[in-house]
Structures are given as structure tokens and as C-alpha cells.
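In what follows, a structure is listed as C-alpha cells, so that the remarks can point back to it.
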Amino acid sequence: MNTHTTGKTMTQPTPLLSVRDLRVEVGERTVLESISLDIQSGELVVLMGANGSGKSTLGLTLAGHPRYRVSAGSARFHGQDLLAQKPEERAHAGLFVSLQAPPDIPGVKNALFLRSALNAVRASRGEPQLDAFDFLKDARALSSELGLDAKLLSRPVNEGFSGGERKRNEMLQLALLKPRLALLDEIDSGMDVDGVRAVVKQVQAMRAQGTAFVVVSHYLQLIESLTPDTVLRLDQGRIAETGTLALARDIARTGFARQSETAEV
Amino acid sequence: MSPPPCPDLLDAQARLASHGWIAPKAENFRHLPPPPASAWLAPPATPTTKPTTEPSDPTESWHVRALDAAQADQFITQYLNPAIPAQRAMLFRGLPWPDESDAAHFGWMHRATCQRGLRVHIAGDPARHAAAPLRLVLHIAPAAPFDAPLLVIDVAAGAHCVLLEQHAFDPSADAGVQNLDLHIRLGQGARLQHLRTVAPAPHDRLAHQLHVTLAEGAHYDQALLASGSAYHLQRTQIDLHQPGSAARMGAALLAADATLDQQIALSHTAADTYSAVESLLLASGKAHAVLNAHTLIATGADNANVRQRLCAIPTSGQPRVVLRPHMEIHHDQVQAAHGATYGALPDEALFYARQRGLDEASALALILQGLQRAVLERALDDPELLTGMSAAPSRLKQARTAARQGEGTPLNLDAALARMTQQHLARSTA
């Protein structure tokens, strides 16, 4: 079994997320062969890998996307069988997956979408609903911190947004929903320098509060700024290598092709 | 003693007697034939000679009111009883006879059975309307199980009006029949933004015919939100016969185990005219629905610019849907585009909403509302008209206070959209 655990496993409580031998198929194709990993609260894991290695598939599978079929393995999140849950139940349990290409939702104002989602999650936690006014106050303040134009709150979700605005909008959702574990799939793509700084600041702040992160990225600058606990390299649907920041630096220097050859040797 | 029948009433009755009802193969109705003529005739009764008056209780029958009391002097209403010859003459004054189309049968039937009338005259005041358009609410409820109302709305030159037309039907009442004729005439440079909600009870039978005539430079925008019933016809005919006149129509239509027939007929005969039609139909179960758009560009309609877009999305079951985009172009210097698509539910958006915590039903409702809202927004070119409330900080506090005091905003198509979508999904599930 190729299981990733942190070096602190012996002293840690039950992992927040525990994945074992996960095998995932899309149509007739097996995308993930066998994935095993544990993630603790507050941990930050960077997931690297060549295009098509299965990084996005892992996130979407954990989120419950209907296109991804789990044919073997298990995943437990916060003590529950994640794979038995509906997508919204996974979100209520505290799993947040930021999509690489967040879709448009025509005609649905961003503020309405965010408030509806937030209130659904709050209801699942037994917290009171936020009215439009209290919500807008919070959303505007967070938008400002993220450098997201507050006018985008009154526009349809992601419609006409630039790449960077979509990603900032994902970060706004993350900040509002306050999940236990966030999987950020290439959150830096399309973002300007200020945006990337805002991501780092927010991730570090939430991590300090106990939120765990899985960050998919190809860019060393972001990875270094995030100071990950662990770096994983995914190759052909398996975790091929587990390391620290040094592994990310190696990959940045030598590329994935070279890394694959080295691993085979 | 009853007054003698009016000549036009006799003409209408004679016409119906000689021409009969809509033929089974009539082009406009061949995919969804209407109920027989007998369904549209009032049960025998003695016509009343009592003049109708504006109801004192605004929730009864029909009335028009300004949202802003300070604008109440900008329009005049006349409630007229077509059973009284003098009032009938005033009611029908200046209105054309039904044309020769298939749908004219409904027009003749209406002439023969019309029971109540309302004329609204909107004064032209470009200076005042530039700052704030006149905002009116027209509330209509069936006056009886058989109802054939006539509405005439004249918008004076230069006026700018936003009209919310709300129809109220009682699902607990016996099956009703309504044959409504609505004539809208816009003066030079006038603009009417017309928001309409029509949600009949499942057993009701409706035929609404709108006739819109535009003078030079006039603009007419209609956002229609309607749901199906035992039979529901929404027909709009727009005449763009003067230079620079323009019309936009956006419709969000819901049919769950019901029938719905939308017919739009646009006629461009003048230069520099513009029209855009966009309809979105959500159909489920055993619904039977037809979207029928016909745009005529006549010889001489130089630089006419026309758009047609029809879309249907089955939300469940096996609805029967027919889309009929049709353009008839008799002039070279024009721009024209049309399309018809049968779509699918946006799976990625649904997953996205669920991943953010919304359950499947809520996510579906939100997304379907959004799809409809987008169509209505494009027709009005002013999203705020759908909410009736600005999100601007300066007005937010007022809106919040109003909301907490339980004051609704009547100019709110959004609320109707949410309610009707929920009903659609509930009926689909059932």
C-alpha cells in the first residue's frame, strides 16, 4: 500500500481525511489506480503531477462529482464514510473543493448564490440563517480583503468574470464557508501577483484556525509561500513520491518527466 | 329590459356563425389545437346594465395603481361595461377588427363575449419620466368563472412607463375560462417596459392576445413569466410599422404536465426597426408546449434588425415540445438571426452548487430560476426592474428596514419566479 502520512502520524489523532486504495474510473478509463493518504487538521499538502496524472480527479471524486466512479477503496472524512455521502453532505461535513474552471451560473446573482450556500451549510451546523443585509456586510468586507470588486457580488455567478476574478470568487466562498478541509485546484492560475498574495494570506490565516489544505499547483513561488507540511507527486493515478518542499524544488528544477524516470530507477 | 345588442357585437356573432372555429390543421394551432368554440362561450345569462366601477378593494377583480403616489396624476383609468352601448363604443373606439390570421377566431370570440373593459391612458411627460419612469401595477383577477376582459393601454408620446401586470387565479375555484384581449399603443418616442406574470390554476383555460402598435421611435419591452394549464395560449402581435420603433420580448415559460402555447408575430414594415425575441421553456412530465415565433420583414423595411431565440429544456419526464422559429424576409438590407435549441440541465453548475452545500432540489431550483431570470433581464435591459430593489448602499438601509417591517415590494418578478419554479418542480416530482 502506498500510503502518504505526515511525519507526525504517531502523535496525531485520527486523520481528518483518510483515503485508502482509491480507484476511480471515468467512463471506461481508470484515472486513479490506487491512492492512499491521510491528512490532519491544519495540515497543508501540496499535490503536484503532470497534466492528466489525476490531481483534479482526486478532488472531484472526493467532492462526489457524479462523473467519477469509485470502483475500489475507501475515504473517511471527519469520522464518516465520505463516499457514501451526497455532494452537499460532504460540503456540510466541511469539505470544500475549488474547481479549476468554476462554471457560470447565468441569472443567479453571486450574492444570492453565496448566501444560499452559506445558509445551507449554517443550517447543517445548527447555526442561524444570515439575512441578505448581514451577509452582504460580511461578503463585502471579505471581497475587499481578497481584492475582489464588490460589484461582482451583484452579477451572475462567474458570468463574464476574468480568470483571476473567478479564482478570487472561489477564495471568497472559501472564506465564507470556513470548511475543515479545502482542496484548491490551481487556485493561482489566472491570478495576478496581488491575488496570489491574498491567497497565501488567507490560506495561512485559515490554516492557523485548523483548516487543512490540499493545494494543487505547478508554481514553486506559490508553493514556497505556503510552506507546506508535505509535497506529493502524483503519477499515472498513484502517489509516486512523498516529500517536503525539497521535492517541489526538485520537480521545478528537473520537470515531471525526469522525476518519473528517477522514480522508475 | 336589456339594451339592444351593439352592431359590432352582432357582427362578431355573425362572423363566428359563418366562419366557424379554428380548423384542426390551422398553421398556428396544428401542434396544439385549442379547445372547441363552445369552451369560450359564456354560459347563458342576462347581461348586466350596471356600469362597472373601480373596485374599492384593490385585491378584487382588476385595478391599476401607481407604485409612487406622487405619480398618480400621470394616468387615467376608465372602467367600461360593454353591455352598455355607449360604453361599449368608448371601449372599442379606435381598435382594429381581428385580422385574417388563424388566431383571429379568438378575437371574434372576444368581441362576441367581452364582459368588462378598462382603458388606461398614460400621459406623456418626458421631463418627469426622464428622471423616474411612471411605475404602475395592473392587478387582474377573473371576475367570474367565464371571463372576457378587454384592456386598452395608450401611452402618450414621450412617456416612459414600467407596467407590472399581475394575474391572480384561485386554484381552489372551479375551472375557469379567460379570453383576454389587450391592446397597447405607444406614441412617438414612448417606452413601455411590460412585466407580466400569468400563472393559472392547472384546470383553467386561458387565451391572452396582446396587440402592440408602436409609433416612430417607440420602444416596447415585454418580460413574460407564465405557466401552463389545461389550455394556455399567450399570443403577442407587434406591429413595427414606423421608423425607429423597437420591441424586445423575453419569456420564461413553465409547463409541468400542462399545455402552453406561445405565439409571437412581429411585423416589420418600416425602416430602422428592431425586434428581439427570446423564449425559454422548461417542460416536464407529459407537458405539451409549443413556441411559435414568426417575424415578417416586409419590402422597404430597410436596416431592419431582428433576432429570434427559442430554447426548451426538459426538466423531467417526457414532455412534448415543438419549437417553431420562422422568419419571412422580403427585403435585402436587413440583419436577421434565429435559433432553436433543445437543451439539457447544466450538470456542472448543479454539481458546483451542491458542492457548496445546496441540496439537489434547492440547487436545481436556483439554477432554473437563474436561467429564466437571465432571459427576462435581457428583455428589459434593466435587472433592477426584476427585484424592485436596488442593492446600492444608499438604499440598502431603507430596504432592510422595509423588509424587517414586513413591507414587500410589489414590483418584484423575482418572487413570482421563485414561487412558480418551485411549483413547477413540485408538479414535476408529483
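The values are calculated or read from the model by the stated rules, or taken from the named source; none is laboratory data. Not measured: the values here are computed from a predicted model. We place every Cβ from the backbone using ideal geometry, glycine too, and count neighbours over all the protein chains shown. Keep in mind that these areas ignore ligands, DNA and RNA; they rest on the heavy atoms of the full protein, side chains included. Shrake-Rupley method; radii C 1.70, N 1.55, O 1.52, S 1.80 Å.
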Can you name the number of the only condition in (1) of a type outside the set (Val, Ile, Thr); (2) at the interface with chain B (Cβ under 9 Å from one of its Cβ atoms); (3) within 23 Å of A:Thr227 (Cα to Cα) that A:Ser56 fails?
-> (2)
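Within segment A:156-177, how many residues turn out to be under 18 Å from A:Asp138 (Cβ atoms) and either within 13 Å of another protein chain (Cβ to nearest Cβ) or open to solvent by 10 Å² or more (accessible area, probe 1.4 Å) (or both)?
Taking segment A:156-177 first, the residues under 18 Å from A:Asp138 (Cβ atoms) are A:157, A:168-177.
With either within 13 Å of another protein chain (Cβ to nearest Cβ) or open to solvent by 10 Å² or more (accessible area, probe 1.4 Å) (or both) added as a condition, the list becomes A:157, A:168-170, A:172-177.
Counting residues in segment A:156-177 that are under 18 Å from A:Asp138 (Cβ atoms) and either within 13 Å of another protein chain (Cβ to nearest Cβ) or open to solvent by 10 Å² or more (accessible area, probe 1.4 Å) (or both) gives 10.
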Identify the residue in segment A:142-155 that is surrounded by fewer than 20 Cβ atoms within 10 Å (Cβ to Cβ) and within 13 Å of chain B (Cβ to nearest Cβ) and, among all such residues, is nearest to A:Val200 (Cα to Cα).
-> A:Ala150
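Before we move on, is A:Arg122 more than 7 Å from chain B (Cβ to nearest Cβ), over 17 Å from the mean Cα position of the chain (by Cα), in a helix (DSSP H, G or I) and of a type outside the set (A, V, I, L, M, F, W, C)? Reasoning before the result, please.
Values: more than 7 Å from chain B (Cβ to nearest Cβ): yes; over 17 Å from the mean Cα position of the chain (by Cα): yes; in a helix (DSSP H, G or I): yes; of a type outside the set (A, V, I, L, M, F, W, C): yes.
Judged against the criteria, A:Arg122 is a match.
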Identify all residues within segment B:352-376 that are in a helix (DSSP H, G or I) and closer than 21 Å to A:Lys178 by Cβ; write none if there are none.
-> B:Tyr352, B:Ala353, B:Arg354, B:Gln355, B:Ser362, B:Ala363
Return the only residue of B:Leu192, B:Leu182 being in contact (Cβ under 8 Å) with a residue 12 or more places away in the chain and surrounded by 24 or more Cβ atoms within 10 Å (Cβ to Cβ).
-> B:Leu192
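Looking at the structure I just gave you, is A:Leu95 in contact (Cβ under 8 Å) with a residue 40 or more places away in the chain, in contact with a Gly (Cβ under 8 Å, 6 or more places away or on another chain) and at the interface with chain B (Cβ under 10 Å from one of its Cβ atoms)? Even if it seems obvious, please write down each step before you answer.
Details: in contact (Cβ under 8 Å) with a residue 40 or more places away in the chain: yes; in contact with a Gly (Cβ under 8 Å, 6 or more places away or on another chain): no; at the interface with chain B (Cβ under 10 Å from one of its Cβ atoms): yes.
Taking the combined requirement at face value, the residue does not satisfy it.
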Index of the failed condition, A:Glu127 passing every other in (1) more than 9 Å from every other protein chain (Cβ to nearest Cβ); (2) under 30 Å from A:Gln80 (Cα atoms); (3) open to solvent by less than 60 Å² (accessible area, probe 1.4 Å) = (3)
A:Leu44: passes all of (1) at pLDDT below 95; (2) crowded, with 17+ Cβ neighbours inside 10 Å; (3) at negative phi but (1)
Only residues that are of a type in the set (S, T, N, Q) and open to solvent by 50 Å² or more (accessible area, probe 1.4 Å): list them for segment A:75-101, please.
-> A:Gln80, A:Gln100
Which one of these is within 26 Å of B:Val212 (Cβ to Cβ), of a type outside the set (D, E, K, R) and surrounded by 22 or more Cβ atoms within 10 Å (Cβ to Cβ): B:Thr269, B:Thr295?
-> B:Thr295
State which residue is surrounded by the most Cβ atoms within 10 Å (Cβ to Cβ) when the search covers only segment B:413-430 and only residues that are modelled with pLDDT under 80 and among the aliphatic types (A, V, I, L, M).
-> B:Leu413
Going by the structure shown, is A:Gly64 over 24 Å from B:Ala418 (Cα atoms), more than 10 Å from every other protein chain (Cβ to nearest Cβ) and open to solvent by 10 Å² or more (accessible area, probe 1.4 Å)?
-> no
List the pairs whose first member sits in segment B:331-360 and is basic (Lys, Arg), whose second member is outside any loop (DSSP other than H, G, I, E, B) and open to solvent by 70 Å² or more (accessible area, probe 1.4 Å), and whose Cβ atoms are under 9 Å apart, counting only residues at least 6 apart or on separate chains?
-> B:Arg354/B:Glu360
Take the residues of segment A:227-259 that are of a type in the set (S, T, N, Q) and outside any loop (DSSP other than H, G, I, E, B): which is surrounded by the fewest Cβ atoms within 10 Å (Cβ to Cβ)?
-> A:Thr254
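Between B:Ala336, B:Ala289, which is open to solvent by less than 20 Å² (accessible area, probe 1.4 Å) and either within 14 Å of chain A (Cβ to nearest Cβ) or touching a strand residue (DSSP E or B) at 6+ places or on another chain (Cβ under 6 Å) (or both)? Talk me through it step by step, then tell me what you get.
Working: B:Ala336 fails: open to solvent by less than 20 Å² (accessible area, probe 1.4 Å).
B:Ala289 is the lone residue from the list that is open to solvent by less than 20 Å² (accessible area, probe 1.4 Å) and either within 14 Å of chain A (Cβ to nearest Cβ) or touching a strand residue (DSSP E or B) at 6+ places or on another chain (Cβ under 6 Å) (or both).
Which of the residues spanning segment A:131-180 are in a loop (DSSP other than H, G, I, E, B) and either farther than 25 Å from B:Leu371 by Cα or touching a Cys at 6+ places or on another chain (Cβ under 8 Å) (or both)?
Applying the first criterion (in a loop (DSSP other than H, G, I, E, B)) to segment A:131-180 yields A:131, A:147-149, A:155, A:158-162, A:178-180.
Correct list: A:Gly147, A:Lys178, A:Pro179, A:Arg180.
For residues in segment A:106-116 being assigned to a helix (DSSP H, G or I) and closer than 17 Å to A:Phe161 by Cβ, which is farthest from the other protein chains (Cβ to nearest Cβ)?
Of segment A:106-116, the ones assigned to a helix (DSSP H, G or I) are A:110-116.
Those left that are additionally closer than 17 Å to A:Phe161 by Cβ: A:110-114.
On the way: A:Asn110: 11, A:Ala111: 8, A:Leu112: 8, A:Phe113: 7, A:Leu114: 8 Å.
Filtering segment A:106-116 for residues that are assigned to a helix (DSSP H, G or I) and closer than 17 Å to A:Phe161 by Cβ, the one farthest from the other protein chains (Cβ to nearest Cβ) comes out as A:Asn110.
From A:Val200, A:Val214, which residue is at pLDDT 95 or above, in a strand (DSSP E or B), away from chain B (no Cβ under 14 Å) and within 18 Å of the chain's Cα centre (by Cα)?
Values: A:Val200 fails: in a strand (DSSP E or B).
Being at pLDDT 95 or above, in a strand (DSSP E or B), away from chain B (no Cβ under 14 Å) and within 18 Å of the chain's Cα centre (by Cα) holds for just one of A:Val200, A:Val214, which is A:Val214.
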Starting from residues that are touching a strand residue (DSSP E or B) at 6+ places or on another chain (Cβ under 8 Å) and either polar (S, T, N, Q) or free of Cβ contacts under 8 Å to residues at least 40 places away in the same chain (or both), keep the ones in segment B:130-144 and report whichever is surrounded by the most Cβ atoms within 10 Å (Cβ to Cβ).
-> B:Pro142
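Filter segment B:379-388 down to the residues that are over 11 Å from B:Ser279 (Cα atoms) and in a helix (DSSP H, G or I), then identify the one that is modelled with the lowest pLDDT. Steps first, please.
Residues of segment B:379-388 that are over 11 Å from B:Ser279 (Cα atoms), as a first pass: B:380-388.
Checking which are in a helix (DSSP H, G or I) leaves us with B:380, B:384-387.
On the way: B:Leu380: 89, B:Glu384: 75, B:Leu385: 79, B:Leu386: 76, B:Thr387: 71.
Once the filter is applied, the top-ranked residue is B:Thr387.
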Checked pairs for segment B:413-428, first of a type in the set (Ser, Thr, Tyr), second open to solvent by 10 Å² or more (accessible area, probe 1.4 Å), C-beta under 7 Å and 6 or more apart or across chains, list as B:Thr421/B:Gln369; B:Ser428/B:Ala256; B:Ser428/B:Gly285; B:Ser428/B:Thr315; B:Ser428/B:Ser316; B:Ser428/B:Gly317
Do you know which residues across segment A:62-105 are charged (D, E, K, R) and in a loop (DSSP other than H, G, I, E, B)?
-> A:Arg67, A:Lys86, A:Asp104
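Given the structure, is A:Val31 surrounded by 18 or more Cβ atoms within 10 Å (Cβ to Cβ), of a type in the set (Val, Ile, Thr) and more than 9 Å from every other protein chain (Cβ to nearest Cβ)? Steps first, answer last, please.
On the way: surrounded by 18 or more Cβ atoms within 10 Å (Cβ to Cβ): yes; of a type in the set (Val, Ile, Thr): yes; more than 9 Å from every other protein chain (Cβ to nearest Cβ): yes.
For A:Val31, the condition - surrounded by 18 or more Cβ atoms within 10 Å (Cβ to Cβ), of a type in the set (Val, Ile, Thr) and more than 9 Å from every other protein chain (Cβ to nearest Cβ) - is met.
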Do we have any residue at all in segment A:48-70 that's within 15 Å of the chain's Cα centre (by Cα) and of a type in the set (Phe, Trp, Tyr)?
-> no
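Please verify whether A:Gly195 is closer than 30 Å to B:Asp381 by Cα and more than 14 Å from every other protein chain (Cβ to nearest Cβ), treating the condition exactly as stated.
Details: closer than 30 Å to B:Asp381 by Cα: no; more than 14 Å from every other protein chain (Cβ to nearest Cβ): yes.
The answer is no for A:Gly195.
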Check segment B:300-318 and report whether any residue there is of a type in the set (D, E, K, R), within 14 Å of chain A (Cβ to nearest Cβ), in a strand (DSSP E or B) and open to solvent by less than 40 Å² (accessible area, probe 1.4 Å).
-> no
When you scan segment B:200-250, how many residues do you find that are more than 18 Å from B:Leu291 (Cα to Cα), surrounded by fewer than 24 Cβ atoms within 10 Å (Cβ to Cβ) and of a type in the set (A, V, I, L, M, F, W, C)?
-> 3
